[in-house]
Structures are given as structure tokens and as C-alpha cells.
Amino acid sequence: MNALPRWFLRIQPLLLASLTLLLFGWLALTPPGLLGKADAIGYAVCHRIAERSFLLGDRAVPLCSRCSGMYLGALAGFLFHLKFGRRGGLPPRHIQAVFAVFLLAFGLDGVNSYLTFFPGLAHLYQPFNGLRLMTGTLLGSAMASLLVPTFHQVVWQQWEDRPALGTLRQLLALLVLAGVISAAIDSENPLLIYPLALLSVASLVILLTLAYSMIWTLVLQCDNRFTSWNDLRPVLLLAVLTTLAQIAVIDALRYGLTGTWNGFSL
């Protein structure tokens with residue numbers, strides 16, 4: 001018995017056609033080149049201020065330092081959870097408390113950094129890209145460590161009720177992985193920055209797709225009915241379509257307001 005409603009399966013060709021048209025339209029209207037397309041994805045979620053971003057030659061990477069860290073940290077979280085299969089248990093409370101500290105550090109550094117937009121306004125310390133990267137990385141690793149098990153709980157018919165991230169030692173291993181990935185983008189080595197810039201954008205798309213997959217699974221009332229990724233493919237198609245639509249709409253609105261694909265100027 002199929003997990004999805006029959007009417008939804010019937011509209012799959014329409015969803016595929018919509019995704020194809022939207023994708024080709026978005027590709028045609030966004031800046032040229034692989035980095036140009038990555039810029040357009042980052043443009044939908046990030047201010048992309050050049051002074052607050054790492055540089056690849058004389059151009060800013062697609063995401064600012066904080067967002068680069070957040071999505072590279074999330075990428076590390078995705079990779080960490082891959083080896084544990086469908087473990088759907090959330091991290092224990094003491095690790096969630098550590099995540100709360102990560103969120104607090106991210107928010108505090110973000111507010112402090114924002115205050116520097118206003119000359120003469122007091123702020124706690126002078127922000128810098130390395131700290132933006134670090135706080136983003138910590139939050140991103142926490143986001144993935146909560147999102148992935150929640151995804152397993154919502155989607156799969158059979159999932160393992162124990163956490164992939166259950167001990168402080170495992171948390172340390174995750175943070176080392178995230179730190180190594182993020183430090184590479186701070187190296188100013190273009191051979192490392194270029195692929196990591198693209199991977200950070202890919203991680204953004206993965207995160208949105210997983211989130212929308214859960215949302216549509218619940219909307220379609222087919223939670224805990226899937227046994228394989230092949231069964232889930234129709235929902236993933238809708239999730240990818242929703243992700244691309246969100247990016248395209250925000251791109252269009254921002255471009256309409258600013259008239260440029262560049263980041264905001266200080």
C-alpha cells in the first residue's frame with residue numbers, strides 16, 4: 001500500500017514540470033557561472049556584505065562569514081549523522097543545554113556585530129569574521145543535530161529510538177569535524193575556499209529540503225509511513241520545488257528592491 005494519497009501521486013508530472021520550468025527560469029535570470037548561481041542562492045538568505053564575508057580572490061563568497069559557518073557546521077552535522085543510519089533520538093538534555101549556549105553565543109555576537117552599523121553606538125567588543133564564523137559553525141552543528149533525528153522521527157516507519165549524538169565525547173568529535181571544515185574556509189587558500197563556498201550553499205539547500213520534506217509529510221498526513229528513500233521521492237520532489245520557489249521569490253523581491261545581485265553595502 002502506498003504511503004501517499006492517490007491524488008498526490010497523480011499530480012507528480014505536474015510538480016516535475018513546475019520544477020523544471022522554475023529551475024530553467026531561475027537559471028536564466030540569475031548571474032552566470034557556478035559561483036554566480038551560488039551567489040543567487042545565498043542572496044535569498046544572507047546580507048552578503050563583502051566586508052563581513054571571506055574573499056575568493058577579489059570577490060566575496062556566496063554567504064557571509066556567519067552564514068558560511070552556520071551551513072558548514074550543518075554540513076558537518078549531516079555527515080556525522082550519516083554513519084548512524086536512522087537514529088531518531090534527540091540529544092540528551094545536557095547536550096541540548098550546550099546547544100542553548102551555542103544559540104546564545106550566536107545571538108550575542110550577531111547583536112554586537114549589528115550595533116557596529118551605527119557609528120558612536122556602544123558595543124561590547126570589536127567583531128571580526130573569525131568569530132562570526134565560529135559562532136555560526138557552533139549553531140549550524142546544533143541545528144543539524146536536532147533536524148536530522150526529527151526528520152527520522154517524522155518520516156520513517158522504522159527508526160531507531162536512540163540518539164546519534166548521545167555523549168559529550170561524540171559532541172566533541174562533531175565540533176572537531178565542524179571546526180576543521182570551517183577553518184579551511186578561513187585559510188585564504190582558494191583551492192579550499194572555492195569548494196567549501198559551494199558546499200555551504202549546498203548545505204543550505206539540503207537543510208531547507210529536509211525541513212520542507214517534514215512539513216509536507218505532515219500536511220499530507222503520511223508521517224511514519226515511508227520505508228525507503230525511493231518511497232519518499234514524491235515528497236522530496238515537492239520539497240525541492242518549495243525550496244527553489246522560496247529562493248526564487250526572495251531573489252525576485254530583493255532584486256526588485258535593490259536592482260543589483262551584490263550584497264548590501266556598509
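The values are calculated or read from the model by the stated rules, or taken from the named source; none is laboratory data. In this text, all values refer to a predicted model and were calculated from it rather than measured experimentally. A quick note on method: Cβ atoms are made from the backbone with ideal geometry, for glycine too, and the neighbour counts reach across all protein chains shown.
Things worth noting here:
- Lone qualifier among 109, 58 - being crowded, with 16+ Cβ neighbours inside 10 Å and either of a type in the set (A, V, I, L, M) or at pLDDT below 95 (or both): 109
- A Cβ distance below 7 Å, combined with a sequence gap of six or more or placement on separate chains, defines the contacts here; from the stretch 214-242, residues that are modelled with pLDDT of 95 or more reach residues that are acidic (Asp, Glu) in the pairs 217/223.
- Lone qualifier among 205, 201 - being under 14 Å from the mean Cα position of the chain (by Cα), surrounded by fewer than 21 Cβ atoms within 10 Å (Cβ to Cβ) and either β-branched (Val, Ile, Thr) or not in a helix (DSSP H, G or I) (or both): 205
- Selection over the stretch 61-90 of residues that are outside any helix (DSSP H, G or I) and surrounded by fewer than 21 Cβ atoms within 10 Å (Cβ to Cβ) gives a count of 7.
- Close pairs (7 angstrom Cβ cut-off, 6 or more residues apart or separate chains): over 22 Å from residue 114 (Cα atoms) in the stretch 64-85, surrounded by fewer than 22 Cβ atoms within 10 Å (Cβ to Cβ) and acidic (Asp, Glu) anywhere: 85/160
- Inside the stretch 91-105, residues that are crowded, with 19+ Cβ neighbours inside 10 Å and either modelled with pLDDT under 95 or basic (Lys, Arg) (or both) make up a count of 0.
- Exactly one residue out of 57, 33, 89, 85 is of a type outside the set (Asp, Glu) and within 28 Å of residue 127 (Cα to Cα), and it is 57.
- The set of residues in the stretch 129-172 that are touching a residue at least 12 places away in the same chain (Cβ under 8 Å), assigned to a helix (DSSP H, G or I) and over 16 Å from residue 78 (Cβ atoms) comprises 129, 130, 131, 132, 133, 134, 135, 153, 154, 168.
- Of the set (1) in contact with a strand residue (DSSP E or B) (Cβ under 7 Å, 6 or more places away or on another chain); (2) surrounded by fewer than 17 Cβ atoms within 10 Å (Cβ to Cβ), all apply to residue 193 but (2).
For every residue, the table says whether it meets (1) in a loop (DSSP other than H, G, I, E, B); (2) hydroxyl-bearing (Ser, Thr, Tyr); (3) closer than 30 Å to residue 23 by Cβ.
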{"residue": "174", "(1), (2), (3)": "no, no, no"}
{"residue": "193", "(1), (2), (3)": "no, no, yes"}
{"residue": "197", "(1), (2), (3)": "no, no, yes"}
{"residue": "209", "(1), (2), (3)": "no, yes, yes"}
{"residue": "217", "(1), (2), (3)": "no, yes, yes"}
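- In the stretch 93-127, the qualifying residues are those that are of a type outside the set (Ser, Thr, Tyr) and in contact with a His (Cβ under 7 Å, 6 or more places away or on another chain), and the one that is farthest from residue 137 (Cα to Cα) is 115.
- Residue check for residue 253: exposed (fewer than 13 other Cβ atoms within 10 Å of the Cβ) and closer than 22 Å to residue 29 by Cα: yes
- If the condition is being among the aromatic types (Phe, Trp, Tyr) and in contact with a strand residue (DSSP E or B) (Cβ under 9 Å, 6 or more places away or on another chain), then the stretch 211-266 contributes only 226.
- Any hit, the stretch 114-122, residues being in a helix (DSSP H, G or I), of a type outside the set (Asp, Glu) and free of Cβ contacts under 8 Å to residues at least 24 places away in the same chain: yes
- Of all residues in the stretch 26-60, those being part of a loop (DSSP other than H, G, I, E, B) and touching a residue at least 40 places away in the same chain (Cβ under 8 Å) number 11.
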